[in-house]
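**Student:** Here it is, the structure in full.
The values are calculated or read from the model by the stated rules, or taken from the named source; none is laboratory data. Since the structure is predicted, the reported quantities are computational estimates derived from the model, not experimental observations. Positions of Cβ are backbone-derived with ideal geometry, glycine not excepted, and every protein chain shown enters the neighbour counts. Quick note on the areas: whole protein, heavy atoms, side chains included, nothing else; ligands and nucleic acids left out. Shrake-Rupley method; radii C 1.70, N 1.55, O 1.52, S 1.80 Å.
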Amino acid sequence: MAEERDMDKVGQNNFLKKLARHLCNWRTIIPLVIVLLGIGLYFLPQTRLHRAASNQLYAILQDGQVQNLRQLVTADNSTARRIMWQSASPMEAPKVMVRLAGSEEGELRYDAVQDFWADDGSENYQYTALLDNLHPGTEYEYAIIDKDSRSDWHRLKTDSAGQPFKMLIFPDSQSADYSGWQKLAQAAWERNQGAELVVNMGDLVDNGEDSSQWRAWFRGLDNIISQSAFAPVMGNHECYDKNWQMRLPAAYLGYFQTPANGSSKYDRYYYSFDYGAVHFVVLCTSDYELAEFQQDLLAEQLAWLRQDLSSSDKPWKVVLMHRDVLQYRIHNRPERLEGFSEEGVAFMPVFEEFNVDAVLTAHLHTYRNRGHLFQRDSADKGPVYILTGVAGDVRYPNLWIDHALDRVTAPQPENGNYLTMEAAADTLDIRCYLADGTQIDEIKFSLSS
């Protein structure tokens with residue numbers, strides 16, 4: 001028995017020596033450390049520190065020089081697209097290389113402009129390139145190049161005016177733990193990889209200054225908005241600093257160079273663009289949060305809205321705005337009455353005047369379809385109003401009391417959803433799905449009906 005114990009000790013010592021030699025090899029220890037960090041992060045509570053560590057681990061595993069790659073909509077998406085990304089350190093001569101999908105010939109190269117900015121104590125080496133003079137209805141692919149390095153190729157499809165297309169619509173994604181947002185977004189994309197356009201309906205993050213939340217939010221859309229045109233909507237949470245005081249939406253405006261609107265004070269707070277047979281209007285409903293900085297956002301936006309809608313000849317007009325048009329009663333708050341929000345009172349007459357077809361809203365983290373509303377009542381004409389629901393983990397169970405104008409409500413308590421829109425020259429089809437892909441609602445429009 002003593003001899004067997006001695007042999008066991010020799011075997012154990014040999015094993016430990018081999019393990020030590022193996023761990024001293026950097027090719028082994030780095031992957032091991034990454035695995036151990038990943039396991040540790042999985043069990044840690046979801047805090048800002050957790051998000052920062054998780055984001056850093058993700059950056060190690062990804063291409064450090066091309067991060068948060070995204071396509072932004074332009075005013076004319078049939079011939080142009082804006083590409084934006086961050087890098088871990090300054091790039092020397094960055095360009096975007098574009099070619100026809102599947103071809104190695106006819107490459108186009110576009111210079112990228114560095115746009116350095118800092119927020120939340122973090123430095124952003126950001127780059128943007130406007131890809132113009134593209135051909136309508138064409139499948140391209142693009143890559144980021146810098147001297148001798150090149151990123152992976154990514155899909156870019158230009159719009160063909162009037163041709164059918166599909167889009168993905170995500171409600172509020174603000175979260176404490178963005179892993180749920182990531183799971184929902186990636187599952188929705190897996191089911192709808194042909195989507196050419198992606199929208200996020202505001203409150204993208206819970207705190208607009210928290211850079212760890214922005215990086216976690218981008219992770220949720222990894223490999224989605226690099227392949228599809230993205231249209232962001234500003235929410236009220238984009239206008240908070242880390243002390244939960246109001247501030248200008250610096251990070252939102254830094255990350256998303258959306259189409260210009262001609263305003264000297266509110267450029268890119270609101271905007272419009274065309275895609276297929278649809279004219280989209282993206283409104284800003286954060287006038288309450290921004291009131292201490294600037295007072296005339298609503299008045300200026302209303303004047304712009306009338307001019308913008310009157311100039312469009314597209315068959316369909318769709319409005320995207322964060323705050324909803326209805327006011328809901330709240331359980332245990334008898335003083336709060338059912339009715340219409342300030343945004344509803346201000347904007348609904350303009351939507352009716354210019355024959356807007358659909359108005360998509362968010363903010364309340366609940367899905368509600370109200371059907372057509374005209375002069376603040378149910379009707380067989382007027383825009384269809386859809387409150388798009390919730391895609392993050394901030395939920396309000398048993399808070400809202402049903403509104404008399406609600407027609408379809410998501411199953412309660414709500415557990416996440418997304419929408420799709422399919423648009424053609426004479427039809428528009430909007431569907432709502434739960435996170436697991438179960439369809440719960442559909443709204444069809446036809447110019448012939």
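**Student:** Place a +1 charge on the Cβ of each Lys and Arg in the chain and a -1 charge on the Cβ of each Asp and Glu, then give the dipole magnitude about the Cα centre in debye, rounded to the nearest 20. Please report the intermediate quantities before stating the final value.
**Tutor:** Values: 42 positive and 62 negative charges, 206 e Å.
Here the chain has a charge dipole of around 980 debye.
**Student:** Can you compute 3J(HN,Hα) from phi for each residue in region 167-180, using the Karplus curve 6.51 cos²θ - 1.76 cosθ + 1.60 with θ = phi - 60°, rounded to whole Hz and x for Gly and Pro?
**Tutor:** The phi angles translate into 10, 9, 10, 10, x, 3, 10, 3, 8, 8, 10, 7, 5, x Hz.
**Student:** Distance cut-off 24 Å, Cα to Cα: go down the list LYS183/LYS317; LYS183/LYS242; LYS317/LYS444; LYS157/LYS317; LYS314/LYS444 and report the pairs above it.
**Tutor:** Over 24 Å Cα-Cα: LYS183/LYS317; LYS183/LYS242.
**Student:** Same structure, new question: Taking region 319-362, which trypsin sites (Lys or Arg not before Pro) meet the DSSP loop condition and have no more than 13 other C-beta atoms within 10 Å? Present the calculation step by step, with values, prior to reporting the outcome.
**Tutor:** Numbers: sites: ARG323, ARG329, ARG336; in loops: ARG323, ARG336.
Taking region 319-362 and a limit of 13 other Cβ atoms within 10 Å, the loop trypsin sites (Lys or Arg not before Pro) found are ARG336.
**Student:** Of the candidates VAL408, VAL356, VAL281, which one comes out as most mobile in a Gaussian network treatment of the chain with C-alpha springs shorter than 10 Å?
**Tutor:** VAL408
**Student:** Search the structure for amide H atoms under 5 Å from the amide H of TRP316, placed 1.01 Å from N in the peptide plane, and list their residues when 5 or more places away or on another chain.
**Tutor:** The answer is HIS279.
**Student:** Taking 0.36 nm per intervening residue step and subtracting the Cα-Cα distance, what contour gain separates GLU342 from ALA118 on full extension? If you can, show how the numbers build up before the last one.
**Tutor:** Details: separation 224, 0.36 × 224 = 80.64 nm, distance 3.43 nm.
Value of the extension gain: 77.2 nm.
**Student:** Where Lys and Arg each count +1 and Asp and Glu each count -1, what net charge lies around ASP148 among other residues with Cβ under 14 Å from its Cβ? Walk me through the intermediate numbers first.
**Tutor:** On the way: positive: LYS95, LYS147, ARG150; negative: GLU92, ASP146.
Charge balance near ASP148 sits at +1.
**Student:** Let me ask another. Among GLN301, TYR178, GLY162, whose Cα sits farthest toward the positive end of the charge dipole of the chain (+1 at Cβ of Lys/Arg, -1 at Cβ of Asp/Glu, about the Cα centre)?
**Tutor:** Going by the Cα projections, it comes out as TYR178.
**Student:** So, one more: By how many degrees, 0 to 90 and rounded to 10, does the Cα axis of helix 297-311 deviate from the longest principal axis of the chain?
**Tutor:** With rounding to tens, the tilt is 70 degrees.
**Student:** Sort 95-106, 249-260, 166-177 by packing, meaning the average of other beta carbons within 10 Å per residue, with the highest value first.
**Tutor:** Working: 95-106: 13.7, 249-260: 19.8, 166-177: 24.5.
Packing proxy ranking, top to bottom: 166-177, 249-260, 95-106.
**Student:** Obtain the nm distance between the two label points defined at SER149 and ALA379 by a simple spin-label model: each point lies 7 Å from its Cα along the Cα-to-C-beta direction.
**Tutor:** 5.7
**Student:** Hey, another quick one. Show that you can apply the helix-only estimate: for the chain, add -39,500 (n - 2.57) for every DSSP H stretch of four or more residues, divide by all residues, and state [θ] at 222 nm to the nearest 500. Could you put the intermediate results ahead of the total?
**Tutor:** Values: 9 runs with 114 residues, N = 449.
Estimated from H runs of four or more residues: -8000 deg cm²/dmol.
**Student:** Using each residue's phi in region 97-114, evaluate 6.51 cos²θ - 1.76 cosθ + 1.60 at θ = phi - 60° and report the 3J(HN,Hα) Karplus result to the nearest Hz, with x for Gly and Pro.
**Tutor:** Each residue's phi maps through the Karplus curve to give 9, 10, 8, 4, 4, x, 10, 10, 10, x, 5, 10, 10, 10, 5, 9, 9, 7 Hz.
**Student:** Subtracting the Cα-Cα distance from 0.36 nm times the residue separation, let me have the gained length for ALA93 to ALA176 in nm, one decimal. Present the calculation step by step, with values, prior to reporting the outcome.
**Tutor:** Values: separation 83, 0.36 × 83 = 29.88 nm, distance 3.76 nm.
Here the segment from ALA93 to ALA176 would lengthen by 26.1 nm.
**Student:** Roughly how big is region 174-303's charge dipole about its Cα centre, with Cβ charges of +1 (Lys, Arg) and -1 (Asp, Glu), in debye to the nearest 20? Provide the component values of the computation, followed by the final result.
**Tutor:** Values: 8 positive and 17 negative charges, 71 e Å.
The dipole magnitude comes to about 340 debye.
**Student:** Let me ask something additional. Starting at the first residue of region 207-221, write each ³J(HN,Hα) from the Karplus equation 6.51 cos²θ - 1.76 cosθ + 1.60 with θ = phi - 60°, in whole Hz, x for Gly and Pro.
**Tutor:** These are the phi-based 3J(HN,Hα) values: 9, x, 9, 6, 5, 5, 6, 4, 5, 5, 4, 4, 4, x, 9 Hz.
**Student:** Taking only C-alpha pairs under 8 Å that are 6+ residues apart, what is the relative contact order of the chain in percent?
**Tutor:** Values: 964 pairs, mean separation 58.1, N = 449.
Relative contact order, the chain: 13 percent.
**Student:** Also, I was wondering about something else. Compute the FRET efficiency between MET246 and GLN193 as 1/(1 + (r/R0)^6), taking r as their Cβ-Cβ distance and R0 = 60 Å, and round to the nearest 0.05. Before the final figure, lay out the partial values.
**Tutor:** Details: r = 39 Å, r/R0 = 0.65.
The value I calculate is 0.95.
**Student:** Here's a follow-up. What share of the DSSP beta bridges in region 339-406 is antiparallel, in percent to the nearest 5? Write down the numbers at each step before the final one.
**Tutor:** On the way: 6 of 10 bridges.
Approximately 60 percent, going by the DSSP bridge assignments.
**Student:** If you roll a 1.4 angstrom probe over the protein chains with everything in place, what fraction of the accessible area of the chain belongs to carbon and sulfur, to the nearest %? Please list the in-between numbers first.
**Tutor:** Details: 10420 of 20410 Å².
Using a 1.4 Å probe with all protein chains present, the chain comes out at 51 percent carbon and sulfur.
**Student:** At 1.4 Å probe radius, can you tell me the per residue accessible area of the chain in Å²? The partial results should precede the final answer.
**Tutor:** Numbers: 20410 Å² over 449 residues.
That works out to 45 Å² per residue.
**Student:** Okay, next question. Please give the per residue volume of the convex hull enclosing the alpha carbon atoms of region 264-330, rounded to a whole number of Å³.
**Tutor:** On the way: hull volume 7.4 nm³, N = 67.
Enclosed volume per residue, from the Cα hull, is 111 Å³.
**Student:** Sticking with this structure for a sec: To the nearest 20 Debye, how big is the dipole of region 130-223 about its Cα centre, given +1 on the beta carbon of each Lys and Arg and -1 on that of each Asp and Glu? Walk me through the numbers before you get to the answer.
**Tutor:** Values: 9 positive and 16 negative charges, 64 e Å.
My answer is approximately 300 debye.
**Student:** Please determine, in degrees from 0 to 90 and to the nearest 10, the orientation of helix 48-61 with respect to the longest principal axis defined by the Cα atoms of the chain, where the helix direction is its Cα long axis.
**Tutor:** Orientation of helix 48-61: about 70 degrees from the principal axis.
**Student:** What accessible area, in Å² to the nearest ten, does a 1.4 Å probe give for GLU123?
**Tutor:** So the heavy atoms of GLU123 present about 120 Å² to solvent.
**Student:** Positive end of the charge dipole of the chain (Lys, Arg +1 and Asp, Glu -1 on Cβ, about the Cα centre): tell me which of LEU72, PHE273, ASN415 has its Cα farthest that way.
**Tutor:** ASN415
**Student:** Given 0.36 nm per residue, what is the gain on full extension from SER448 to GLU353 after removing their alpha carbon distance, in nm? All intermediate terms of the calculation are to be shown ahead of the outcome.
**Tutor:** Values: separation 95, 0.36 × 95 = 34.20 nm, distance 2.07 nm.
In short, 32.1 nm is gained.
**Student:** Could you give the nm distance between label points at ALA291 and SER312, where each point is 7 Å from its Cα heading toward the beta carbon?
**Tutor:** 2.9
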